[in-house]
1. Given R₀ = 25 Å, what would the calculated FRET efficiency be for Asp10 paired with Ala151, taking r from the Cβ atoms and rounding to 0.05?
2. Checking the a/c ratio against 1.5 first, then a/b against b/c, what shape does the Cα gyration tensor give for the range 146-252?
3. Starting from the Cα gyration tensor of the range 1-140, take the square roots of the eigenvalues, sort them a ≥ b ≥ c, and report rounded, prolate or oblate (rounded when a/c is under 1.5, otherwise prolate if a/b is larger than b/c, else oblate).
4. Among 301-308, 184-191, how do they line up from the highest to the lowest mean number of other beta-carbon atoms within 10 Å?
5. Label-point separation (nm) for Asp136 and Ala324, each offset 7 Å from Cα along Cα-to-Cβ?
6. Counting only protein heavy atoms, what percent of the accessible surface of the chain is carbon or sulfur at a 1.4 Å probe?
7. Run lengths n ≥ 4 of DSSP H only: what is the helix-derived mean residue ellipticity at 222 nm for the chain, with -39500 (n - 2.57) per run over all residues, to the nearest 500?
8. Below 8 Å between Cα atoms, with a sequence gap of 6+, how large is the relative contact order for the range 301-370 in percent?
Amino acid sequence: MSASGAVIGDASALEHLVDELRSVGRFAIDLEFVSESRYVPELCLVQVGWGEVEDPRVAAVDPLAVDVGSLAQLVADPAVEKVLHAGQADLALLGQRFAVRGRNVFDTQIAAAFVGVGDQIGYGPLVGRLLDLELDKGAQFTHWDRRPLAAEQLRYALDDVRYLPRLHRELVRRLEGRQRLAWVAEESKRLAETAATRPAPGDRFLKVKGWDRLRPPALGALRALAAWREEQALERNTPPQWILQDRVLLEIARRLPKSTRDLGAMRGIKDGLVRRHGSALVEILQSGAGNPPSLPKRPKPLSDRGKVWSAMASAIVQALARKAGVAPRFLAARDDLESLVRWYLSGNDVEPEIPLLQGWRRELAGAAVCDWLAGGSAIIASEQGIELVSRR
């Protein structure tokens, strides 16, 4: 399908589409998927838009009928620009299923946050605000895994890429006017890299609430058990909590059962799990208990003065972000500001490697915060909120 409305479901048509997208050098992309009862969402539709900005060609590809691996590889091609809106989930799904990392991507939601349009604004509201169009979102929550797809579903899905080229053009115009196009490119790249990076099974224990209160043997057992659960969840495509709940994981690690009978006697353990995996789990637990993880040393808590300085640094960052029309969350996380204050109080000459002190963030706010910490400026209250005034 190009502009007609049919769905591509055979390999030859898909190959022709991929060749055309590659030759054009830029296309919009969006995915429809179903995540209920699944650990990794099931990809159900891939929509693309390309060509003339005002009246782009649009196509939908059915991944339930044809292998869309070649299209996924195009997402990883740095020579072709991809335009998405709020693309983290889409990029994560492509990365998990096809082992690709998005390259040369432009996220219109990120771009909107850098031109003062709104932080984390939805696609529909953004189309309405910049293009003065109202989209019908009635088919948003439908059964995308059922066939045939209804005309309403296809219309909704294709609208998700039909207007992305126009959004891209308008946002690029505004970004260039503010000299921020490179900033959005950097943040879109960061998004793509983060989305494609899945925590290793051996690190999943860090997501279990209460892990930091365990002694080394129990912590080693928890790490091994959480890794086993992660591998099982991926193999079955089942939410990990359906296999073993976090609270049960923690209790097993604490008690360290030495036999399948001990394991089966524990609350929250299903008989079927013990029958199928009991012996292996006992062995995994004992092995893990003898090999506890080496954890990085935690930084000391900030002093009362450090806590006040960190709060003031946060206020400075937010004030500068608002003044620049940039969403504050892109500038600095709380941990970054605490690291910055801790570094300054330590008297160390080597700056911490945090995003706030790099690239555009340093230019916009990082240098100003460092200058304030060094006593080079003062915070004053004004009608606009707070401002920095030089003391030099």
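The values are calculated or read from the model by the stated rules, or taken from the named source; none is laboratory data. It should be emphasised that the depicted structure is a prediction, and the values quoted were computed from it without experimental measurement. All Cβ positions, even for glycine, are placed from backbone atoms using ideal geometry, and neighbour counts span all protein chains on display. These area figures cover heavy atoms from the full protein model, side chains too; ligands, DNA and RNA do not enter into them. Shrake-Rupley method; radii C 1.70, N 1.55, O 1.52, S 1.80 Å.
1. Details: r = 21 Å, r/R0 = 0.83.
Given R0 = 25 Å and the Cβ-Cβ separation, E is 0.75.
2. Details: a/c = 4.36, a/b = 1.76, b/c = 2.47.
Note, shape of the range 146-252 comes out oblate.
3. Details: a/c = 1.43, a/b = 1.27, b/c = 1.12.
Rounded, since a/c falls under 1.5.
4. Values: 301-308: 12.1, 184-191: 19.2.
Output ranking for 301-308, 184-191: 184-191, 301-308.
5. 4.2 nm
6. Details: 9840 of 20500 Å².
It is 48 percent, rounded to a whole number.
7. Values: 16 runs with 188 residues, N = 392.
For the chain, the value works out to -15000 deg cm²/dmol.
8. Numbers: 54 pairs, mean separation 23.9, N = 70.
Relative contact order comes out at 34 percent.
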